[in-house]
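Laboratory data are not the source of any read-out in this text; all were calculated from the coordinates shown. All of these numbers come straight from a predicted model, not from anything done at the bench. Glycine gets a Cβ as well: all are built from the backbone with ideal geometry, and neighbour counts include every protein chain shown.
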Amino acid sequence: FILGFRVLYGLRTISPFAVGTSNVRFRRFLALDALTAILWSAGIALLGYSVRKGAETLLGEVRRFELWLFAGLAAAGVLLWLAHHVHRRRKNGRALAARFEQTGKRI
């Protein structure tokens with residue numbers, strides 16, 4: 001259990017409680033936790049090293065379209081902001097119109 005809680009999603013939050021209520025001695029827990037940390041970090045490092053060449057190739061291809069990609073992301077951000085702004089103004093306008101209909105007074 002102690003060796004697996006670091007890698008299984010969701011167990012990381014409840015495992016300290018489970019280990020704390022069990023009869024695992026602190027030194028044993030510390031040794032197993034250290035071993036798990038070493039294995040986990042080595043595995044992630046090896047995975048990163050093995051994916052490096054493909055990532056370099058992919059990023060080399062992306063570099064050709066970097067300016068267009070940035071411009072597209074910036075345009076999408078501006079469009080999302082405008083849509084939010086227009087939606088908020090329409091929502092506020094409807095609320096003011098409803099209040100005017102109820103009271104008969106301009107606000």
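For the chain, the longest principal axis of the alpha carbon atoms and the long axis of helix 11-21 meet at an angle near 50°. Helix 66-103 and the longest principal axis of the Cα set of the chain meet at an angle near 50°. Taking the C-alpha atoms only, the angle from helix 26-64 to the longest principal axis of the chain is near 50 degrees. Among Ala42, Ala95, Ala76, the largest mean-square fluctuation in a Gaussian network model of the chain, built with springs joining Cα atoms closer than 10 Å, belongs to Ala95. Taking 0.36 nm per residue of separation and subtracting the current Cα-Cα distance, fully stretching the chain between Thr13 and Val86 would add 22.1 nm.
Which listed residue (Val51, Ala95, Leu35) has the Cα farthest towards the positive end of the charge dipole for the chain, taking +1 on Lys and Arg C-beta and -1 on Asp and Glu C-beta about the Cα centre? Sorting the options by dipole projection puts first Ala95. Loop sites by DSSP among the chymotrypsin sites (Phe, Trp or Tyr not before Pro) of the chain, restricted to those with at most 15 other Cβ atoms within 10 angstrom, leave 10-64 as the longest stretch without any of them. The largest-to-smallest principal axis extents of the Cα set in the chain are 76, 50, 14 Å. When the trypsin sites (Lys or Arg not before Pro) in the range 1-78 are filtered for DSSP coil states and for at most 12 other beta-carbon atoms within 10 Å of their beta-carbon, the remaining sites are Arg25. The charge dipole of the range 33-107, taken about its Cα centre with unit charges on the Cβ atoms of Lys, Arg (+1), Asp and Glu (-1) only, comes to about 880 debye.
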